[in-house]
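A short worksheet on the structure shown next.
The values are calculated or read from the model by the stated rules, or taken from the named source; none is laboratory data. A quick note: this is a predicted structure, and the numbers were derived from the prediction, not measured. Cβ sites come from the backbone with ideal geometry, for glycine too, and all protein chains shown count toward neighbours. To get the accessible areas, we keep the full protein, side chains included, count just its heavy atoms, and leave off ligands, DNA and RNA. Shrake-Rupley method; radii C 1.70, N 1.55, O 1.52, S 1.80 Å.
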Amino acid sequence: MKDAGKKSFSVVIAGGGSTYTPEIILMLLANLDRLPLCCIKLYDNDGERQGLLAPAVKILIEERDPSIEFVATTDPEIAYTDVDFCLAHIRVGKLPMRELDEKIPLKYGVVGQETCGPGGLAYGLRSIPGVIENIDYMEKYSPNCWMLNYSNPAAIVAEACRRLRPNSRVINICDMPIGLEDSFARILGFQSRKQLDYRYFGLNHFGWYTSVKDPEGNELLPKLVGHELKYGNTMPGESMDDYTDHTWYDTALKVKDIVSLDPSMAPNSYLQYYLFPDDMVAHSDPHYTRANMVMDGREKRVFGECARIAEAGTAAGTTLKIGIHAEFIVDLATALAFNTHERMLLIVPNNGAIENFDPEAMVEIPCVVGKDGYEPLSIGKIPTFQKGLMYEQVCVEKLVADAYEQHSYLKMLQAMTLSKTVPSANVAKKILDELIVANEGYWPELH
Ligand code: NAD
Ligand code: G6P
Ligand code: MN
């Protein structure tokens with residue numbers, strides 16, 4: 001129930017037609033006591049796709065709290081006028097373009113992944129203008145609004161925000177730490193990830209936990225790493241059936257190999273694509289990638305269930321579930337709205353936080369969040385192995401932003417060549433040339 005004394009907020013979900021929208025709505029509705037809402041809007045530039053979800057979302061909201069106004073629109077002025085928070089999860093080019101991002105590199109024996117390797121760089125060049133467009137709408141129609149942006153590839157999008165809209169109220173985030181911390185809590189025998197205190201440094205989808213402490217302040221990292229060296233992030237006796245699908249199970253297991261390269265830290269599992277690209281390619285089917293799994297799985301399930309709800313006129317007995325993804329977003333919005341000073345991992349300008357790293361890099365580090373935004377914690381110096389890996393990757397991300405700004409073929413070729421996932425400039429050029437054709441109409445014309 002809403003607390004009568006508490007201010008209530010208006011939110012817009014940008015990318016309203018996303019497969020993640022219903023679970024975010026459910027999370028918002030489950031947390032109205034923490035974050036009271038008076039209005040929820042969906043905004044998408046594809047009205048048809050959003051229209052497949054909107055009737056069900058309307059029913060979910062009406063059944064939970066009919067006092068909340070609901071709007072679904074493709075008009076940026078209606079969407080962005082009078083809003084306090086924009087939750088942005090757009091995918092420029094949608095899932096069919098993700099499929100090409102994954103399949104084109106795999107043709108050349110290179111990692112085909114949504115955010116890592118050439119596919120991630122291609123997606124970066126598509127995402128930048130879409131995210132910037134949404135920031136501009138927000139600033140025009142609701143200049144005091146905060147955008148909580150988890151549109152991928154978050155690292156490149158964050159670098160573009162730093163350069164192109166440095167004073168915007170945009171906070172770039174990723175839900176991967178939530179998934180990892182849930183595993184850590186399970187491994188260490190805690191009920192919730194929130195019972196533990198973490199230290200972490202890195203780039204998005206490219207980092208390491210250096211401390212995991214219990215509520216009394218005892219360091220549990222050696223125990224965690226001891227487990228990871230044996231089981232990765234799986235539990236003894238677990239099988240594929242305990243995971244949403246086999247790719248996440250394989251990823252949890254692969255942590256065993258990643259952590260062996262530096263057992264003093266617990267790695268982000270996305271490092272598998274950079275440290276073991278050969279294994280990743282060997283385990284990929286170049287004709288059926290993650291995008292196909294998502295289109296055949298999450299997309300069908302969510303859109304099917306939304307159609308069922310709309311048809312039935314009620315969400316009673318729905319199979320839609322609150323996503324872990326969404327929990328973080330509510331926590332962040334609550335911290336900004338009510339000055340909670342909660343500590344969270346955000347993607348922010350380094351600015352000296354990692355002492356021996358580029359001050360102009362966008363890094364993922366713990367920050368304290370309150371009414372005026374975030375304050376990063378000081379990390380100190382990082383070791384040579386991690387610093388070297390991160391510097392190579394951050395330069396790749398910066399070269400993509402350069403390619404976008406300068407419409408430069410050469411910068412994009414350099415980005416692909418420098419990526420740890422690509423074995424040679426010959427291969428980089430072949431992949432790039434094919435991606436240029438595939439991305440016609442999305443990328444700036446490169447010359
Ligand atoms: P999706 O294709 O189902 O949905 C994305 C929606 O964005 C589509 O309806 C599309 O029409 C819309 N869109 C595209 N360009 C737009 C623009 N310029 N303005 C407004 N709307 C636009 O994709 P999905 O699989 O649900 O994923 C959505 C996004 O969330 C992706 O970027 C995904 O990578 C990201 N994501 C990020 C994290 C994270 O940790 N940062 C976690 C999960 C998902
Ligand atoms: C994690 C990452 C996201 C990524 C998602 C992909 O949540 O943090 O950045 O988008 O995984 O999941 P999917 O099911 O779409 O492959
Ligand atoms: Mn992520």
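Within the stretch 105-128, if we keep just the residues that are touching a Gly at 6+ places or on another chain (Cβ under 9 Å) and open to solvent by 10 Å² or more (accessible area, probe 1.4 Å), the residue that is farthest from ligand 3 (Cβ to nearest atom) turns out to be LEU106.
The combined condition, being surrounded by fewer than 22 Cβ atoms within 10 Å (Cβ to Cβ), assigned to a strand (DSSP E or B) and of a type outside the set (A, V, I, L, M, F, W, C), is not fulfilled by TYR209. Look at ALA185 and say whether it is of a type in the set (A, V, I, L, M) and either over 24 Å from THR115 (Cβ atoms) or in a loop (DSSP other than H, G, I, E, B) (or both). In short, yes. Taking the criterion of being open to solvent by less than 10 Å² (accessible area, probe 1.4 Å) and within 16 Å of ligand 2 (Cβ to nearest atom), the residues of the stretch 182-203 that qualify are PHE184, TYR200, GLY202, LEU203.
For the stretch 406-446: of the residues being part of a loop (DSSP other than H, G, I, E, B) and among the acidic types (Asp, Glu), which is nearest to VAL111 (Cα to Cα)? The extreme case among them is GLU440. The listed residues are LEU52, LEU28, and the only one of them that is open to solvent by 40 Å² or more (accessible area, probe 1.4 Å), closer than 26 Å to ASN152 by Cα and in a helix (DSSP H, G or I) turns out to be LEU52. The C-beta contact set for the stretch 279-301 (first residue of a type in the set (Val, Ile, Thr), second residue within 13 Å of ligand 2 (Cβ to nearest atom) and at pLDDT 95 or above, distance under 7 angstrom, 6+ apart or interchain) comprises THR289/GLU99; THR289/GLU102; THR289/GLY112; VAL294/LEU95. Close contacts from the stretch 228-255, counting a first residue that is open to solvent by less than 50 Å² (accessible area, probe 1.4 Å) and a second that is assigned to a helix (DSSP H, G or I) and of a type in the set (D, E, K, R), with Cβ to Cβ under 6 Å and a gap of 6+ residues or different chains, come to GLY232/LYS256; VAL255/GLU228. Checked against the criterion of being farther than 15 Å from GLU23 by Cβ and touching a Phe, Trp or Tyr at 6+ places or on another chain (Cβ under 9 Å), the candidates ASN292, ASN268 yield just one match: ASN268.
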